[in-house]
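Below you'll find the structure, written out as structure tokens, and then a few comments.
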Amino acid sequence: MIDKTISAQQAIAPVTDGQSVMVGGFGVPGTPFLLIEALLAKGVSELTLIKNEANEAGLGVSKLIEAGRVRRLITSHLGLNATVIGLMNSGAIGVEFFPQGILAEKIRAGGAGLLAIVSDIGIDTILRNDKQLLRCGDRDGIVEPALRADIALVHAAKADRAGNLVYEKSARNFNPLMATAADLVIAEAEQVVEIGELAPDEIHTPGAFVDRVVAIEELLPAYGVLHHHVR
Amino acid sequence: MSVDAKTKIARRAAREIQAGQVINLGIGIPTLIPSFLPPDLPLTMHSENGIVGAGTISAPGKADRNLIDAGGTYITVVPGASFCDSALSFSLVRGGRLDVSFLGALEVSQQGDLANWIIPGKFAPGIGGAMELAQKARRLIITTTHATRKGEPKILRSCTLPLTARACVDLIITELAVISVQPDGLVLEEIAAETELEIVLQLTEAPLVVGAALKRF
């Protein structure tokens, strides 16, 4: 039987300085905090980080950025992280913004083996500056190259030993997309079950996309409810 | 902005939602809209982070660590809700399935151009879902204060800030007025009960055609 389970430390071992790392999650839900801690502990730097947002100050990928491990951030919105906005404004990190759904499509295209996507989002805005344009019928489109990474870190609610993944509620977000779009895909899961225990119809990401599975033995406090967002 | 102004805008905006619609509520004033909707109105609330069928804010003590809206607030879902990934979530927006998007504004022009995502050198948190929502929702309703905190008009002849999208706005709802964007300019449809026409005109840089049947709200 296939068994991709491995410790977080061993799973992260191949990551080296200067690599690109995609990290799933939208806010706390779906952010792979255990793998991020392992990456922080390993001490790699000069990373290109790809994530929807940068979590919040002192949490998740923000810890990597605050520790000076990230050279470049490819993202959609930093509205909840004034610390990272400050680092961007001071020039400590380079930040490239994309419309959220376009970032998702770039990653999807990367995972699907496509070269690029073409869309008209932002066609009448400064977003078109320095971009390749393409005439499609009677409309202009912006060509957005597909996006892949060396490493993807994703979070699942359940995995089996073969790497089949199931996400939960709004913790799905970018995870299934990123799980297709990197050379080394590492998934952490809150529950790891035996092969055959997940029904084929419930699996969101087929195990063939996933290289390594890390069981989360105990949920870190970071996975919990952020009380300042409780209304 | 006073709570009263926000409440007035949200209450008026709620009246634009029709049964059966798929809607998205932006950050800020739009999130206040649900409390002014009839509780039995059937509608589908979309949230950018992959929720089709978002419900209300979680009851105290009931927050689910895996269930937030795009602004980070813990919420519930309604019966019939579904979850999806971020690509499918924006397929719904760009593909034309979103009936109404409610967004805030820094500036709106008489052509219906919207600027709400960047003030160069001052405010640049990123684009998020704003461009896709503004450009692709079937109907875009702007909920905003009529003027800036300094009292400068936000409804202009043309936007000075970088655009979110061109000619995308259908309706502007402020604490003072309801203004529709027509092919030949802005039409003042309603003014607030507490204000006067002169004040609205004074605080609006863009020319306003006063609607034939100007109503109070």
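The values are calculated or read from the model by the stated rules, or taken from the named source; none is laboratory data. What you are looking at is a predicted structure, and each value in this text was computed from that prediction instead of being measured. Every residue, glycine among them, receives a Cβ derived from its backbone with ideal geometry; neighbour counts consider all protein chains shown.
Can you report the number of residues in the range B:69-113 which are in contact with a His (Cβ under 7 Å, 6 or more places away or on another chain) and either modelled with pLDDT under 95 or facing chain A (nearest Cβ under 8 Å) (or both)?
Selection size over the range B:69-113: 3.
In the range B:121-155, what residues are over 15 Å from the mean Cα position of the chain (by Cα) and of a type in the set (A, V, I, L, M)?
B:124, B:127, B:147
Taking the range B:16-53 on its own, how many of its residues are surrounded by fewer than 18 Cβ atoms within 10 Å (Cβ to Cβ), touching a helix residue (DSSP H, G or I) at 6+ places or on another chain (Cβ under 7 Å) and in a loop (DSSP other than H, G, I, E, B)?
1
So which residues in the range B:114-150 are part of a loop (DSSP other than H, G, I, E, B), within 11 Å of another protein chain (Cβ to nearest Cβ) and surrounded by fewer than 24 Cβ atoms within 10 Å (Cβ to Cβ), if there are any at all?
B:118, B:120, B:121, B:122, B:124, B:125
When you scan the range B:34-57, how many residues do you find that are facing chain A (nearest Cβ under 7 Å) and more than 24 Å from residue B:136 (Cβ to Cβ)?
Looking only at that region, the number is 1.
Checking the condition within 11 Å of the chain's Cα centre (by Cα) and more than 23 Å from residue A:6 (Cβ to Cβ), which residue from A:46, A:53, A:66 passes?
Unique residue meeting the criteria: A:53.
Which count do you get for residues in the range A:65-122 that are within 11 Å of chain B (Cβ to nearest Cβ), touching a residue at least 24 places away in the same chain (Cβ under 8 Å), in a loop (DSSP other than H, G, I, E, B) and surrounded by fewer than 19 Cβ atoms within 10 Å (Cβ to Cβ)?
Counting residues in the range A:65-122 that are within 11 Å of chain B (Cβ to nearest Cβ), touching a residue at least 24 places away in the same chain (Cβ under 8 Å), in a loop (DSSP other than H, G, I, E, B) and surrounded by fewer than 19 Cβ atoms within 10 Å (Cβ to Cβ) gives 2.
Within the range B:21-31, identify whether any single residue is among the small types (Gly, Ala, Ser) and more than 23 Å from residue A:123 (Cβ to Cβ), and answer yes or no.
Yes, some residue in the range B:21-31 is among the small types (Gly, Ala, Ser) and more than 23 Å from residue A:123 (Cβ to Cβ).
Just to be sure I understand the filter: pairs with C-beta atoms under 6 Å, separated by 6 or more residues or on different chains, first member in the range A:216-231 and over 14 Å from residue B:64 (Cα atoms), second member of a type in the set (A, V, I, L, M). Which pairs pass?
A:216/A:34
Can you tell me which of (1) out of contact with any helix residue (DSSP H, G or I) (no Cβ under 9 Å at 6 or more places or on another chain); (2) without any contact (Cβ under 8 Å) to a residue 60 or more places away in the chain; (3) assigned to a strand (DSSP E or B) is the one residue B:108 doesn't meet?
The number of the failed condition is (2).
Among the strands (runs of 3 or more DSSP E) contained in the range B:157-217, which hold 1 or more residues that are out of contact with any helix residue (DSSP H, G or I) (no Cβ under 8 Å at 6 or more places or on another chain), under 14 Å from residue B:114 (Cα atoms) and acidic (Asp, Glu)?
Where strands (runs of 3 or more DSSP E) fall fully within the range B:157-217, none carries at least 1 residues being out of contact with any helix residue (DSSP H, G or I) (no Cβ under 8 Å at 6 or more places or on another chain), under 14 Å from residue B:114 (Cα atoms) and acidic (Asp, Glu).
So residue B:15 clears everything in (1) away from chain A (no Cβ under 11 Å); (2) under 18 Å from the mean Cα position of the chain (by Cα); (3) in contact (Cβ under 8 Å) with a residue 24 or more places away in the chain except one condition, right? Which one?
Going through (1) away from chain A (no Cβ under 11 Å); (2) under 18 Å from the mean Cα position of the chain (by Cα); (3) in contact (Cβ under 8 Å) with a residue 24 or more places away in the chain one by one, residue B:15 breaks only (3).
Scan the range B:192-217 residue by residue and report those that are over 15 Å from residue B:145 (Cβ atoms) and of a type in the set (A, V, I, L, M, F, W, C).
B:193, B:197, B:201, B:206, B:208, B:209, B:210, B:212, B:213, B:214, B:217
Would it be correct to say that residue A:82 is out of contact with any helix residue (DSSP H, G or I) (no Cβ under 9 Å at 6 or more places or on another chain) and not acidic (Asp, Glu)?
yes
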